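Student: A single structure is presented below for examination.
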Amino acid sequence: MSGALTYFEDIVVDRVQLTPAITVTEAHVAMYQGLTREVPLESSDVPDVLPLCMAIGLGWRVKDPPMVVQAFVGLDWKVMKELRVGDTMHSRSRIVSKRPLRDGGLVVDERTILDQHGEAVQQGKITFLVAKRQKEASG
């Protein structure tokens, strides 16, 4: 992988990031259902997991380099309000904690998905195992 990356040592607790916004379309829903084989919903309904998937994807469009995630360790997630086709969403994330381990560390990201009115539609915490920077071999 080329380009800058964010390692465990680079992560700042309480750092807040906002993603760009995206309007959820029927095409997004159709692609999601095509991949998951979920039963189609009513025409304007959005599957509950789709906004989370889209928020993770939007995370690649923030200014900071992506974290070197080795594993998704945990997800504590709540849907408060349905999102509908035509709604515009973005997400806000805040690193709430980090704990070092031998070759990496656990990072807890508190994430909220907001609609076009700024109302929270989903929120929760995602725990990642993030790599530490490799130490250079001394010669």
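Values in this text are rule-based calculations from the coordinates and carry no lab data. Computed from a predicted model, the values in this text were never measured in an experiment. When we count neighbours, we look across all protein chains shown, and the Cβ atoms used for this are built from the backbone with ideal geometry, even at glycine.
Student: Would you please classify the overall shape of the chain from the alpha carbon gyration tensor, given that a ≥ b ≥ c denote the square roots of the eigenvalues, rounded means a/c under 1.5, and beyond that prolate means a/b larger than b/c while oblate covers the rest?
Tutor: Verdict is prolate for the chain.
Student: Along the positive direction of the dipole of the chain (beta-carbon charges: Lys, Arg +1; Asp, Glu -1; about the Cα centre), which of Thr36, Gln123, Val96 reaches farthest?
Tutor: Going by the charge dipole, the pick is Val96.
Student: A further question on this structure: Pick from Thr112, Thr23, Thr36: which residue has the top mean-square fluctuation in a GNM of the chain where Cα pairs under 10 Å get a spring?
Tutor: Between Thr112, Thr23, Thr36, it is Thr36 that shows the largest mean-square fluctuation.
Student: Please work out the Cα center distance from region 100-139 to region 28-57, rounded to the nearest Å.
Tutor: That distance is 24 Å.
Student: Let me ask another. So, R0 is 30 Å and r is the distance between the beta-carbons of Leu101 and Val79; what FRET efficiency does that work out to, to 0.05?
Tutor: In this case the efficiency is close to 0.45.
Student: Moving on. Under a point spin-label approximation (7 Å from Cα along Cα-to-Cβ), what is the Leu18-Phe72 distance to one decimal in nm?
Tutor: Taking the two extended label points, one gets 2.6 nm.
Student: On to the next question. Sequence neighbours fewer than 8 away in the same chain don't count; with that in mind, list the lysines whose C-alpha is under 24 Å from Lys125.
Tutor: Excluding near neighbours in sequence, the set is Lys63, Lys78, Lys81, Lys98.
Student: In deg cm²/dmol and to the nearest 500, what is the mean residue ellipticity at 222 nm of the chain if only DSSP H runs of at least 4 residues count, each as -39500 (n - 2.57), divided by the residue total?
Tutor: It lands at -4000 deg cm²/dmol.
Student: For Gln33 and Ile56, what does the FRET efficiency come to when R0 = 22 Å and r is the distance between their Cβ atoms, rounded to the nearest 0.05?
Tutor: 0.75
Student: What fraction of the DSSP beta bridges in the chain is antiparallel, stated in percent and rounded to the nearest 5?
Tutor: Percentage antiparallel, nearest 5: 95.
Student: Using +1 on the beta carbon of Lys and Arg, -1 on that of Asp and Glu, and nothing else charged, what's the dipole of the chain about the Cα centre, debye to 20?
Tutor: 640
Student: For the chain, take the longest principal axis of its alpha carbons; what is the angle in degrees between that and the long axis of helix 26-36, to the nearest 10 within 0 to 90?
Tutor: Result, in degrees: 60.
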